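Okay, so here's the structure we're looking at.
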Amino acid sequence: MGSNTVHLLVVDAHRGGHPTPMSSTKAVLRLAEEIDGTGKMTKAGADSLTATVKDFTRIAKASGCEQVMAFATSAVRDATNTGEVLDQVKKASGLTVDVLEGVDEARLTSLAVRRWYGWSAGRILTFDIGGGSLEMTNGVDEEPDVALSLPLGAGRLTREWLPGDPPSKRHVSVLRDWLDAELKQPAKELRAAGKPDLSVGSSKTFRSLARLTGAAPSGAGPRVRRTLTVSGLRQLIAFISRMRAADRADLEGVSADRAAQIVGGALVAEAAMRATGVDTLEICPWALREGVILRRLDAEPAGAMVSTG
């Protein structure tokens with residue numbers, strides 16, 4: 001349950017095996033926009049979330065899932081009435097929702113990236129951009145040496161820093177400068193852990209940015225190598241920051257629900273790469289959801305079809 005979408009992923013999985021996606025269902029709820037002036041999730045937002053989780057639970061059961069794991073990230077985590085909202089969800093669906101802390105998001109994403117690339121990749125620096133937060137890790141093991149979560153998600157930055165459609169050059173410039181200042185100390189912590197052998201971008205935002213700069217489409221399969229360069233990212237920002245959201249939605253690789261925030265996502269990606277001295281990112285097809293599944297499988301002797309929502 002993220003800031004933009006609620007995603008049901010059904011996988012055929014067992015301990016020691018490769019989680020194989022069987023089906024995927026998404027609902028665009030924009031929960032981050034359903035937080036009112038007091039910090040509470042609105043009744044409309046809570047009701048939409050409840051109805052969606054109830055529907056997705058039925059789909060999971062109809063798919064034959066033996067386990068259902070429900071987890072939420074920054075939008076639900078940041079609400080001041082999280083407990084009330086999740087009590088409502090549980091009453092309607094029977095599901096207990098785990099609210100992940102930002103650092104846990106970072107660690108689980110790092111686990112997924114490590115499993116995808118393997119031990120031979122050496123020290124891995126990982127970035128993950130969500131709607132509400134930016135996660136960064138650096139490590140040589142499945143548990144990273146440094147795991148950070150910052151409130152620098154693509155949706156959050158768009159709402160708070162990029163008014164207008166398209167945003168003005170001044171707003172883009174001001175956000176760039178602010179991001180440089182915000183990332184200075186976190187980047188220092190990441191670099192202090194050791195020089196990475198591999199730098200990786202994970203999440204839908206990075207996949208979209210890579211596609212926009214020439215990477216292979218999703219239809220080419222998950223094992224095709226995809227990269228994102230900082231030079232390509234700068235050129236992309238100059239292009240998409242002058243476009244209206246409706247026009248960005250027509251670009252291949254940009255979904256309609258993310259078109260408004262892709263500029264914010266590109267700016268934080270550029271800033272993170274600049275702050276850590278990274279020129280090129282490998283794009284990993286696995287991210288937080290796969291990390292949650294892998295961690296659950298590690299703790300259990302066997303498994304079958306599993307879903308995450």
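The values are calculated or read from the model by the stated rules, or taken from the named source; none is laboratory data. Treat the numbers as computed from the prediction; the structure is a model and nothing was measured. Neighbour counts run over all protein chains shown; Cβ positions are idealised from the backbone, glycine included. Just so you know, the surface numbers come from the protein's heavy atoms only, side chains and all, with ligands and any DNA or RNA stripped out. Shrake-Rupley method; radii C 1.70, N 1.55, O 1.52, S 1.80 Å.
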Q. Projected area of segment 136-196, taken from the Cα convex hull and averaged over every viewing direction, in nm²?
A. 5.0 nm²
Q.
Past the 21 angstrom mark, what percentage of all C-alpha to C-alpha distances in segment 130-266 do you count?
A. 46 percent
**Q.** Value of [θ]222 nm, deg cm²/dmol, for the chain, DSSP H segments ≥ 4, -39500 (n - 2.57) each, nearest 500
**A.** -13500 deg cm²/dmol
Q: For residue 87 paired with residue 38, estimate the spin-label separation in nm (one decimal), with each label point 7 Å from Cα along the Cα-to-Cβ line.
A: 1.5 nm
Q. In whole angstrom, how far apart do the alpha carbon centroids of segment 74-132 and segment 171-241 sit?
A. 20 Å
Q: Would you kindly work out the equivalent ellipsoid of segment 1-160 from its C-alpha gyration tensor and give its semi-axes, the square roots of five times the eigenvalues, largest first in whole Å?
A: 27, 22, 12
Q: Return the Cα extents of segment 187-309 along principal axes one, two and three, sorted largest first, each rounded to a whole Å.
A: 52, 38, 23
Q: Using a cut-off of 9 Å between beta-carbons, work out the net charge of the residues near residue 148 (Lys and Arg +1, Asp and Glu -1, residue 148 not included).
A: -2
Q) Hey, what's the chain come to in accessible area per residue, 1.4 Å probe, Å²? A) 44 Å²
Q | Potential lengthening between residue 246 and residue 216 on full extension [0.36 nm per residue; Cα-Cα distance subtracted] | A | 8.5 nm
Q: Starting from the residue with the highest accessible area, list 160, 142 in decreasing order, probe 1.4 Å.
A: 160, 142
Q | At R0 = 35 Å, FRET efficiency that the Cβ-Cβ distance of residue 18 and residue 96 yields, to 0.05 | A | 0.80
Q. Kirkwood Rh, segment 19-89, all Cα pairs: how many Å?
A. 13.2 Å
Q.
Order 5-17, 192-204 from most to least packed using the mean count of other Cβ atoms within 10 Å.
A. 192-204, 5-17
**Q.** Share of carbon and sulfur in the accessible heavy-atom surface of segment 38-181 [1.4 Å probe, %]
**A.** 52 percent
